[in-house]
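For reference, the structure discussed in these notes is given below.
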Amino acid sequence: LDRVPRTSLKETQTCPICNNPFLEDEYPLVVRLPCHSTHLFDLECIRPWLRLRGTCPLDRTDFAKQEREKAEARRKKPVEDDEEEWDGMYG
C-alpha cells in the first residue's frame, strides 16, 4: 500500500472506517488503496479490514481476486524454450 504524505492531507479528511480526522494524529499513517486514488485510510483501520475481508471498504474491489487472476495469467503465459537456442549454438 502506498503511504500518503502528511503534507498532501487536508484538515477535513477523515478515515472512512473510524471517521477520525487524519491530521488529528501528529504522525498519521495514512495509506492509499490501489483501486482508487481517493480511497485513503488509517493504516490501523484498513489492515484488519483487508485481512478479514480482502476488499476495499468503499467500492468492494476484491484484491485477493485480482491477485489470483494475475497469478493465473502468469501461469498461462507461454514459457520460452531456451533449448532451441542451445541447439543452434553447437551446430
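Are any residues in segment 17-35 assigned to a loop (DSSP other than H, G, I, E, B) and out of contact with any Cys (no Cβ under 8 Å at 6 or more places or on another chain), and if so, which ones?
Asn19, Asn20, Asp25, Glu26, Tyr27, Pro28, Leu29, Pro34
Of all residues in segment 8-49, which are more than 26 Å from Lys65 (Cβ to Cβ) and small (Gly, Ala, Ser)?
Ser8
Look at segment 36-64 and say how many of its residues are of a type outside the set (Ser, Thr, Tyr), assigned to a loop (DSSP other than H, G, I, E, B) and crowded, with 16+ Cβ neighbours inside 10 Å.
3
Within segment 1-14, which residues are surrounded by 12 or more Cβ atoms within 10 Å (Cβ to Cβ) and either touching a Pro at 6+ places or on another chain (Cβ under 6 Å) or farther than 16 Å from Asp59 by Cβ (or both)?
Within segment 1-14, Val4, Arg6, Leu9, Gln13, Thr14 qualify.
Regarding Glu11, is this residue of a type in the set (Asp, Glu), free of Cβ contacts under 8 Å to residues at least 60 places away in the same chain and not in a helix (DSSP H, G or I)?
Considered against the rule, which asks whether it is of a type in the set (Asp, Glu), free of Cβ contacts under 8 Å to residues at least 60 places away in the same chain and not in a helix (DSSP H, G or I), Glu11 comes out as yes.
May I ask you to say which residue of Leu40, Leu1 is out of contact with any Cys (no Cβ under 9 Å at 6 or more places or on another chain) and of a type outside the set (D, E, K, R)?
Of the residues listed, the single one that is out of contact with any Cys (no Cβ under 9 Å at 6 or more places or on another chain) and of a type outside the set (D, E, K, R) is Leu1.
Only the coordinates and a few stated rules stand behind these numbers; no lab work does. Given the structure is predicted, the values throughout are model-derived calculations rather than measurements. Here the Cβ is made from the backbone with ideal geometry for all residues, glycine too, and neighbour counts use every protein chain on show.
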